[in-house]
Structure formats: structure tokens, C-alpha cells
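Trainee: One structure coming up, written as C-alpha cells, with questions to follow.
Only the coordinates and a few stated rules stand behind these numbers; no lab work does. None of these values were measured; they are calculated from a predicted model. Heads up, the Cβs are rebuilt from the backbone with ideal geometry, glycines too, and the neighbour counts pull from every protein chain shown.
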Amino acid sequence: KGRESDPCWLRYERIEDEALADQYRQWCKKLVVCGSSPILDSAREELVAGISSMLGISPTLSRDPQVSPSLVMAAPSEGRNWVDRRSWEEMGEEGYLLKTAHREGGASLLLLGKSDRGVLYGVFHLLRLMQIGRPLHSLEIVENPGNRLRMINHWDNLDGSVERGYAGKSIFYHGGRIARRLDRVRDYARLLASTGINAISINNVNVGREECRLITGSLLPDVARLADVFRAYGIRMFLSVNFASPMWIGGLPTADPLDPEVRRWWRERTEEIYRHIPDFGGFVVKADSEHQPGPLTYGRDHAEGANMLAEALRPHGGLVVWRCFVYNFQDWRDRSTDRARAAYDHFKPLDGRFADNVVLQIKNGPMDFQVREPVSPLFGAMERTNQMLELQITQEYTGQQKDLCFLVPQWKEVLDFDTHAEGKGSTVKAVVGGQVFPFRYSGIAGVSNVGDDRNWTGHTLAQANLYGFGRLAWNPDLSAEEIAEEWVRLSFGHDPRVVQTIRDMLLESWRVYESYTAPLGIGWMVKPGHHYGPDVDGYEYSYWGTYHYADHRGIGVDRTVKTGTGFTGQYFSPNRERYESLETCPDELLLFFHHVPYTHRLKSGETVIQHIYNTHFEGVERVEDFIRRWTRLKGKIDEERYEHVLSKLQEQLANAREWRDVINAYFFRKSGIPDEKGRKIY
Ligand code: GCU
């Protein structure tokens with residue numbers, strides 16, 4: 001803090017290969033810019049800054065399209081004249097084209113978009129190609145985003161704290177107000193836009209009394225300053241709102257969504273918001289969930305609640321992002337209630353009742369961002385209701401940015417999961433991409449992992465999660481390998497040993513984290529409250545609905561239709577049958593769906609208890625191996641990041657040992673079954 005913040009993947013380091021740099025200079029020394037707007041100006045500034053920094057030249061700017069050779073960046077209105085109709089039409093609303101055009105009188109590199117945003121995304125793509133060292137002489141790229149909404153959710157509070165934040169304080173708020181200087185926010189907007197993010201909600205879904213003021217005249221002028229910064233990078237701002245705001249700040253006796261006074265109140269509030277922020281995105285709402293107020297209090301359902309807000313936003317083109325993270329607290333003695341069922345049970349019956357500017361935001365799993373969960377059965381189950389996916393970039397249950405855990409491989413599994421909603425091929429990415437059902441709005445949201453730490457994310461390597469999230473939201477077909485390698489090259493350069501080591505560590509890290517924490521999809525077993533470190537029974541006798549049911553014979557939750565909670569019945573066939581049967585249920589989710597004896601044999605051939613011991617010993621060894629591999633990078637990367645990551649890995653090792661010993665001791669004492677390999681269990 002105080003010092004300049006880390007540029008992350010926008011380092012634009014000087015290109016050392018002179019031959020390559022010279023080729024780039026040919027294209028970049030003359031820049032023809034057609035058009036101007038806040039977004040196009042950001043695009044031009046970024047392009048000029050990137051070129052100067054990587055190539056050591058200041059491009060001459062021109063408006064004359066005849067200059068050649070040159071890089072031509074053209075706004076939608078002018079770009080149309082540069083390419084044939086087919087190429088132009090291949091581009092969607094936010095798409096762009098990067099093409100080397102050899103014409104009479106010379107060649108130019110065309111960078112065109114269908115919208116200002118498209119041009120901005122094209123600029124970042126071009127700069128990325130140069131950072132990665134790709135040739136530019138025969139480009140023929142057309143890209144369109146795979147998702148309409150590519151959104152970041154912040155869980156920041158006005159006092160500067162961040163719920164589940166592991167990277168310092170909020171970059172937006174300071175002591176009950178919006179920060180005066182917004183340089184940091186501008187850098188953040190650049191980082192997000194560079195990966196294609198186009199929407200952001202700036203406050204916690206748990207909206208306190210103070211935060212209710214964000215939609216009032218006292219704070220709206222400041223909120224509008226933030227919106228201005230994001231707008232220049234093509235990012236629309238959303239706010240989380242408290243459903244009881246009409247009572248809390250409006251002085252009304254009720255927040256009943258069918259009450260005319262309540263409706264009028266929201267309409268007027270919304271009008272005022274749009275007076276300050278004409279392109280305001282809309283509201284994010286956590287209602288009737290974990291103590292947040294909602295429509296159920298008034299005997300109304302979620303559709304009635306969401307539609308009331310949708311009605312207020314509709315005239316302005318705003319959206320309601322209504323979260324499906326809704327469940328009831330329960331008595332741990334009651335084994336028939338199942339939290340995993342809750343989202344589907346609450347929302348499925350409401351299909352078709354939501355207004356068309358409401359989008360349901362569904363967490364990837366049915367529980368809560370555990371290291372391993374099945375995909376929520378709600379995806380694809382509501383064909384007449386807009387849906388989007390919610391992921392957690394911040395590592396609440398996955399190591400809190402102390403432990404290395406690159407989440408892209410997990411997200412890939414989620415996106416590629418076939419729901420079978422409309423037969424084979426109805427993957428989650430196709431559902432939220434709007435290809436399975438014709439949703440008007442859909443996409444992906446991720447809970448941010450940044451704070452005001454100099455490196456943004458606490459653990460420097462956790463920057464890869466933010467980057468990877470944006471890249472996947474743009475193109476869910478990218479592989480985890482591609483994203484990891486791209487990020488490493490952008491962030492650490494091209495030394496082969498460096499690229500290979502960091503890429504591999506990233507790609508292995510999620511499974512390593514899984515191996516030393518809660519086994520076989522059972523989840524939880526974390527210290528209550530803050531959720532870091534092991535406490536096997538921490539939630540076992542609580543009202544949270546997060547149990548493992550371990551006794552001296554076995555462990556796991558029976559969620560089958562036949563003998564359990566019936567959760568498996570919420571999936572489409574053949575997923576339903578696959579999870580229902582012990583024979584076909586995948587090992588990694590076994591304990592999520594079934595209660596089995598410790599001696600049950602997995603498909604891997606090991607018994608459950610031996611699997612627990614093996615993975616926990618191995619997990620620690622693999623963290624030790626991370627440390628060994630990292631130390632071989634000494635001298636190959638800057639000292640500061642080298643030392644920082646090394647110290648994080650050492651912290652991770654202590655955590656992994658703690659998990660290993662607690663989990664192994666616990667299950668050895670419960671089961672009385674010794675480790676086949678006779679290793680030390682306490
Ligand atoms: C998790 C998290 C909470 C958060 C909640 C949510 O349970 O621990 O801090 O408020 O998710 O998504 O609303």
C-alpha cells in the first residue's frame with residue numbers, strides 16, 4: 001500500500017526479441033483512430049500505453065485512413081467501410097475483428113468492433129498477442145463473447161471491510177464513504193475490461209443499514225463517480241439492495257411487494273438512480289436467505305418479489321439479478337431436510353412466473369462453493385426463466401488466498417457438465433450462454449477476490465483466478481491449460497522453466513487442495529465462522545444443514561431417492577440414475593450422495609478409509625513438492641514475487657499438515673481401522 005499497485009497481467013514489458021519488436025513497430029508506429037467516445041478513448045490510451053511500453057516508440061496518431069502501413073482502430077460507424085459484409089456480419093454486438101489487410105497502396109492491421117466495447121476488447125486482444133509474442137502479419141480473428149452477462153460481484157461494505165475478502169480492504173469504500181481517489185478503481189476497471197467483463201455490482205449481497213443509503217441522494221453522487229470510471233471501460237454498474245429498504249430508509253410500515261406504496265417507493269428510488277447513472281445495470285438481490293429480508297415475510301413468493309423490482313427497472317432498461325442461494329436453517333436432528341434440495345425446491349415451481357428482465361443467479365453447486373460439489377440441478381430446469389451461473393473467485397472454502405488453488409479447472413468441470421435438460425449436449429455453458437433455451441439475459445457472475453493489497457489478491461498467484469474467470473466468461477470453451485499458460489506468460493514472461501513450473505502448479509493445485517481437505521465430495525469440516533483450517537465436527541450439530549454423519553461404521557449423506565433425501569431426483573436422466581446408484585456414482589462425489597461404510601471399495605480399488613489416509617498424506621507431500629519446484633525458480637523471476645509466493649507456500653504447508661493430521665486422526669479414532677501403510681496417525 002502506498003506504493004504503486006501491481007500491474008498484474010497488464011505489465012506490457014519491453015519486448016526483448018528485437019526482430020519481433022521491429023515487426024510490431026512496422027504496424028504500430030502509425031495509428032489511425034477513427035471515432036471518439038469515453039470507451040474509445042480508453043481503448044486508444046491503452047493501445048498507446050501498451051505500444052510505448054512494449055516497443056519503446058510513441059505511435060504517431062492520424063485520422064487519415066490512407067496512411068500505410070498502419071494500425072487502424074475504427075469505431076462501429078466507420079469500421080463498416082473497411083471490411084466486406086460477411087466479415088462485418090460475423091461480429092455480434094460486443095464482438096471485434098483483428099485482421100491484417102493487404103490493400104492497394106499498402107497494408108494495415110484492422111481493429112474493428114461492432115460497438116465501442118468491441119473495439120476496446122479488440123485492443124486488449126491485440127496487446128495480449130504482442131505480450132505473448134505472436135506474429136501479426138496474417139491475422140484473421142473474429143471474436144464474440146460466449147455470454148451476454150459477464151459480471152463481477154463485490155461483497156464490499158461501506159466501512160471498507162470485505163465479506164470473505166482475503167486481500168485487504170475494499171478498493172471502493174473507506175470509512176463509510178466512497179473513496180475520494182479512484183486511480184485504483186480505474187486500474188481495476190482496466191484489468192476487468194481486458195478479460196471482457198461488462199458488469200459489476202459494487203456492494204455486498206448482505207446489505208446493511210448503512211449500505212441502504214447507496215440508493216439515496218446522500219451517496220448517489222459518489223456512486224455515480226464510480227460508475228463513470230467503470231463506464232469508460234464498458235462496465236455497467238449494479239447495486240445490491242435490501243428488500244426491506246422501503247422500511248429501513250423509506251419510513252414505510254411494510255416492504256410487501258404487492259403494496260402500492262412500496263411499489264411506488266421503488267419506482268421513485270429507481271428513477272433517482274437513473275438520474276445519476278443513466279446506464280445503471282440494475283439490482284442484485286439476496287432475499288429470504290441467511291437473515292436477509294424478502295417477500296416470504298409477506299406471504300409473497302420470490303417471483304412476486306423480483307417482479308416488483310423488475311417493474312421499477314423496466315422503463316430504464318435495468319435488470320434484477322435475483323439470487324437462488326435460499327435455504328432454511330434446520331435442526332441437525334432432522335435428517336429428512338436437505339439443504340442441497342433447497343434452491344430447486346424453492347424456484348423450480350416458479351418457472352415462467354418471472355418477468356423477462358429478471359435473471360436468476362444460481363451458485364455452481366447446490367450447497368455453497370465447496371472444494372467439490374455436484375453441479376446445481378437447477379441449471380436447465382427452468383426453461384422459461386433467465387438463468388446465470390454464480391462462481392466464487394474469492395477463495396472462501398478453497399484456501400483463502402493463503403493456499404494455492406487455481407479454480408479454473410473446477411469451473412471448467414461445471415461449465416462442461418451436461419445437464420441433459422434438452423437431451424445430450426445441454427451443458428451448463430450452453431444453458432447460461434443462452435443456447436439451450438432462448439433466455440433474454442443470461443451469463444456468468446463471479447464473487448471478486450480483490451482488495452487493496454498491493455498485489456490485489458493477497459496471494460499473487462490468485463490473480464490467475466480473476467484472470468481465468470474473465471477469460472472463461474468471455475469464452476467458456478478455452479481450456480484450463482490455455483488460460484493458465486496465457487496468464488503465466490503475461491505475468492511472468494517466457495522463460496520455459498518458469499512457464500512450465502507455474503502453469504503446472506496452477507493446474508494441479510485444486511486437486512491438491514482437495515486431497516488434504518474434506519474427502520470425496522462431503523465438503524465442510526472447516527472451522528466455523530471464518531472457514532479456514534480443519535474442524536471435522538465444526539458444523540455437525542449446528543443449524544446450517546451441512547453434515548457428514550460420520551460414525552464408527554461409515555460416513556456420507558444419503559441423498560438418494562430410494563433411501564435418502566431424494567435430492568438425486570432433481571437431476572435429469574441419466575444424471576439422476578448415475579448419482580442414485582452406488583455403482584455409477586463417481587468417486588469424487590461419493591459421500592455427497594451416499595452414506596457408506598469405511599470399508600466400501602471405490603472405483604479406484606481403495607477403501608474409503610484408505611483413500612482418506614492416502615490422499616491426506618499425499619496432499620502434504622505435494623505441497624512440499626510445490627515448494628521444491630518453486631525454489632528452482634530463484635533468480636528467474638523477480639525477488640519480490642519469488643519470496644512472497646515462497647512464504648505463502650510455507651503457510652500452505654502448515655495448513656495442509658494440520659488438515660492431514662486432524663482428518664486422519666479423526667477417522668482413525670472413529671473407525672479403528674489402521675493405515676495399511678503404517679504411517680503416523682495421532
Ligand atoms: C456464503 C458466505 C457468506 C455469504 C453467502 C452468500 O455462505 O459464507 O458470507 O453471504 O455465501 O453467498 O450469500
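Trainee: What tally of residues in the stretch 203-231 results from selecting those that are of a type outside the set (D, E, K, R) and within 16 Å of the ligand (Cβ to nearest atom)? Spell out how you get there, then give the answer.
Mentor: Going through the stretch 203-231, the residues of a type outside the set (D, E, K, R) turn out to be 203-208, 212, 214-221, 223-224, 226-227, 229-230.
Add one more test, that the residue is within 16 Å of the ligand (Cβ to nearest atom), and what stays is 203-208.
Qualifying residue count for the region: 6.
Trainee: Which condition number in (1) farther than 30 Å from HIS644 by Cβ; (2) of a type in the set (A, V, I, L, M, F, W, C); (3) away from the ligand (no atom under 16 Å from the Cβ) is the one that LEU404 fails?
Mentor: (1)
Trainee: Identify the single condition in (1) closer than 22 Å to HIS302 by Cα; (2) among the hydroxyl-bearing types (Ser, Thr, Tyr); (3) more than 23 Å from the chain's Cα centre (by Cα) that THR216 does not satisfy, given that it satisfies every other one.
Mentor: Condition not satisfied by THR216: (1).
One line per residue, one yes/no per condition, for (1) closer than 21 Å to LEU490 by Cβ; (2) surrounded by 20 or more Cβ atoms within 10 Å (Cβ to Cβ); (3) out of contact with any strand residue (DSSP E or B) (no Cβ under 6 Å at 6 or more places or on another chain):
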site: PRO7; (1), (2), (3): yes, no, yes
site: TYR12; (1), (2), (3): yes, no, yes
site: SER36; (1), (2), (3): no, no, yes
site: VAL72; (1), (2), (3): no, yes, no
site: TRP82; (1), (2), (3): no, yes, no
site: GLU93; (1), (2), (3): no, no, yes
site: ALA101; (1), (2), (3): no, no, no
site: GLU104; (1), (2), (3): no, no, yes
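Trainee: Could you grab me the full set of residues in the stretch 550-559 that are in a loop (DSSP other than H, G, I, E, B) and under 16 Å from GLN370 (Cβ atoms)?
Mentor: Passing the criteria: GLY556, VAL557, ARG559.
Trainee: Here are some conditions: (1) among the polar types (S, T, N, Q); (2) touching a helix residue (DSSP H, G or I) at 6+ places or on another chain (Cβ under 8 Å); (3) in contact (Cβ under 8 Å) with a residue 40 or more places away in the chain. THR427 meets all but one. Which one does it not meet?
Mentor: For THR427, the exception is condition (3).
Trainee: Considering each of GLY168, GLY160, GLY113, GLY122 in turn, give the residue that is in contact with a Pro (Cβ under 9 Å, 6 or more places away or on another chain) and more than 16 Å from the ligand (Cβ to nearest atom). First the steps, then the outcome.
Mentor: Working: GLY168 fails: in contact with a Pro (Cβ under 9 Å, 6 or more places away or on another chain); GLY160 fails: in contact with a Pro (Cβ under 9 Å, 6 or more places away or on another chain); GLY122 fails: in contact with a Pro (Cβ under 9 Å, 6 or more places away or on another chain).
The match here is GLY113.
Trainee: Here's something else I'd like to know. Can you give me the number of residues within the stretch 311-339 that are of a type in the set (A, V, I, L, M, F, W, C), within 16 Å of the ligand (Cβ to nearest atom) and out of contact with any strand residue (DSSP E or B) (no Cβ under 9 Å at 6 or more places or on another chain)?
Mentor: Number of matching residues: 1.
Trainee: When residues of the stretch 551-588 are filtered for being surrounded by 18 or more Cβ atoms within 10 Å (Cβ to Cβ) and of a type in the set (A, V, I, L, M), how many remain?
Mentor: Residues that pass the stated criteria total 2.
Trainee: Scanning for something within 30 Å of GLY168 (Cβ to Cβ), crowded, with 24+ Cβ neighbours inside 10 Å and among the aromatic types (Phe, Trp, Tyr), does the stretch 474-488 turn up at least one residue?
Mentor: Scanning the stretch 474-488, I find at least one residue that is within 30 Å of GLY168 (Cβ to Cβ), crowded, with 24+ Cβ neighbours inside 10 Å and among the aromatic types (Phe, Trp, Tyr), so the answer is yes.
Trainee: Then there is this: Can you tell me which residue is nearest to the ligand (Cβ to nearest atom) among those in the stretch 362-401 that are closer than 23 Å to LEU520 by Cα and of a type in the set (Gly, Ala, Ser)?
Mentor: Applying the filter and picking the extreme gives GLY365.
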